[in-house]
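For reference, the structure discussed in these notes is given below.
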Amino acid sequence: MKTLKNTLSVVLATLIFLMLPTMSVHASKTDTADHALTVYKSATCGCCVKWIDHANDNGLSAKGINTVQLNKLKDQHQVPANYRSCHTAISRDGYVFEGHIPAKFVQKFLQEKPDNYIGLVVPGMPVGSPGMEYQNKFSPYVIMAFDKNGSLTPYAEINSFEAQFE
């Protein structure tokens, strides 16, 4: 009887060990699906393509859609007029991510799912932000959260290139 118990324990432990990789792959696929973004951009914007690559390389699933109706889309999603950038990403849940926001902050926001905010915005195109890399230069910037009334609240301060990825 003791031998049977030991054998069953070994078999059970082996099965659990073999299932672990499958379980973690499944979880990462679910996380990526939860973090799916549709990125609306101009057909001629190279930095938008670089930002989409950054998003996909850092745990998001971003798909670019070219449009000539960007301002109309930004109006529909209540992106504050003075804080607009070159591309607008919309999550599956309807959250809005305007401009060159590091993927780690998009992921954090999507995990938090704050009720009081529509999304995040990085106004303009800060040098050194994801998609705007240029000759190892970097300009500090602030990621702002915005609500349906157009109110903005600082969400994160980015003071170094490394802070975008750590």
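Here are a few things to note about the model shown:
- Looking across the range 157-166, just one residue is surrounded by 14 or more Cβ atoms within 10 Å (Cβ to Cβ) and farther than 16 Å from His54 by Cα, and that is Ile158.
- Of all residue pairs spaced 6 or more apart or on separate chains, those with beta-carbon atoms under 9 Å, a first member in the range 38-58 that is on the phi < 0 side of the Ramachandran plot and among the acidic types (Asp, Glu) and a second member that is surrounded by 19 or more Cβ atoms within 10 Å (Cβ to Cβ) and assigned to a helix (DSSP H, G or I) are Asp57/Ala103.
- Residue within the range 76-87 that is farther than 19 Å from Leu37 by Cα, small (Gly, Ala, Ser) and more than 13 Å from the chain's Cα centre (by Cα) present: yes
We did not get these values from a lab; they are worked out from the coordinates using the rules stated. Quick caveat: nothing in here was measured; it's all calculated off a predicted structure. Cβ sites come from the backbone with ideal geometry, for glycine too, and all protein chains shown count toward neighbours.
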